[in-house]
Amino acid sequence: MKVNKTILVGAAFILLAGIIFLTDFLNPIIRPVTYLFLMGSSKGKDIIFFGLLGLFIILSQVIKKKIDTTKYLKVSMITGGVLLILGIFLEVLFRMQMGIKLNTVFCSMTNGMSSTSILHTHLIKSILGAVLTQIMGPFIQSGINTGVGLYAYVPSFAFLVILLIPILFVAIVLASQKRPWFTNFLLAFFSSCLIIGIVDGGMFATPSYVGILGLYLVYRNGYYMNYIVGKVLKDDSLLEENELNQPVYRNRGFSQKRFIFNRFGIYFFVILVILLRFTVAFAGAEPDYYTVDIVNPSEDIDLGNISVEVIDNEYDNKTNKTTYHIDPQYNEMKLINDLRAPLDNSCEYYTVSWNIYSYLE
């Protein structure tokens, strides 16, 4: 593999990931940028993102012979889509087994707090976290949440799901070969977001949207994106390479309406997917109050300044549960985090009902 500018750029991103891992001085610069597409960026996400970005850019230069990159891009999108769907399936199955409502955030208090919900799932992350903790435990910093607290509740067969991640990785690498440099960067960027979204967030998370829809955007309109960049930068080599990667619907003799649909239909699809996310969030919202169920609580729980309206104790042979109704004026995320301290080492887990309206105030 001959070292070229593309490989050097990839190596620079990997070096950046290493600097973020070892130090914190770049956080005020990096975090506001990555926050936009990684949905609440964290140190762990930043490290993984820049590491994957650099690795994908470097590996795009591995294979010299011509291969059908369009086929492998399709495989990448299909595999990524399947993983996102399976993440939601695991959430539904997990909640059915635990007897928990679908429209709640589940917070495990075992091995530190770890949360998961259909809108932002961490179940696949917990499987990977358990594996990585066993292999690389001494190298995983305490500030990086691996989600291992959820692993005990994951369905037993769920580890099979993560076997698709290496397949996705290989497909992405093959889809990136012999492409113009700008396409390589886009594929690396969107693929890194997709893998992060699959592991941390799931189908309805921002990085998942950016990743899967970005790959589809490259598949449909990559030629025109390269053309615009090539013209703006006056990069003749980019324009020449771009002509070798024509979209499947160009120069096919299609009518103008069909051509416009093929080129711009992706943007309508993006809008529909975003609407689906908000539809699910609003449909499952409980705006009148938060229902907080605390399972197997200790006898001396004190929620401090959190305003509690109703307390209901339930007990059966399976579950010892206390239910609280809490003021809906709380921001949902703040409430979940505020419950962390008083419930630490005071219960097995707790659940909080959704309230998307709290983000609109």
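The values are calculated or read from the model by the stated rules, or taken from the named source; none is laboratory data. Here the structure is a predicted model, which is why all the values come from computation and not from measurement. Cβ atoms come from the backbone with ideal geometry, glycine included; neighbour counts cover every protein chain shown. Accessible surface is based on the protein model in full, side chains and every heavy atom, while ligands, DNA and RNA are left aside. Shrake-Rupley method; radii C 1.70, N 1.55, O 1.52, S 1.80 Å.
When Val62, Val154 are compared by accessible area of protein heavy atoms, the largest-first order is Val62, Val154, using a 1.4 Å probe. Highest-first packing order for the peptide set 196-203, 292-299 is 196-203, 292-299, based on the mean count of other beta carbon atoms within 10 Å. Here the extension length gained between Val92 and Ile167 equals 24.6 nm, from 0.36 nm per residue of separation less the Cα-Cα distance.
May I ask you to list, by number, the DSSP H helices of the chain whose Cα span along the axis is at least 20 Å and whose average Kyte-Doolittle hydropathy reaches -0.5 or more? Membrane-span-like by this rule: 5-22, 43-59, 69-98, 181-199, 206-233, 256-283. Each Lys or Arg adds one and each Asp or Glu takes one away; over the other residues whose Cβ falls under 15 Å from the Cβ of Ser117, this sums to -1.
Here is the link list: Lys5/Lys178; Lys64/Lys231; Lys71/Lys234; Lys74/Lys178. Which ones come out longer than 20 Å on Cα distance? Violating the 20 Å limit, Cα to Cα: Lys64/Lys231; Lys71/Lys234. Label-to-label distance for Ile85 and Leu160 is 1.6 nm, based on points extended 7 Å past Cα in the beta-carbon direction. Bridgeable lysines around Lys321 (alpha carbons under 28 Å apart, same-chain partners fewer than 8 residues away excluded): Lys101, Lys125, Lys334. Take the Cα of Tyr249, step 7 Å toward its Cβ, do the same at Ile29, and the gap between the two points is 4.2 nm.
When Phe189, Phe89 are compared by accessible area at a 1.4 angstrom probe, the order from most to least is Phe89, Phe189.
Full extension of the chain segment joining Asn4 with Phe278 gains 94.2 nm, where the gain is 0.36 nm per residue of separation less the Cα-Cα distance.
Taking packing as the residue-averaged number of other Cβ atoms within 10 angstrom, the listed peptides 106-112, 284-290 run from highest to lowest as 106-112, 284-290. Estimated at the nearest 10 Å², the accessible area of Phe159 is 110 Å² with a 1.4 Å probe.
Taking the average, over residues, of other Cβ atoms within 10 Å as the packing measure, peptides 162-171, 348-357 rank 348-357, 162-171 from highest down.
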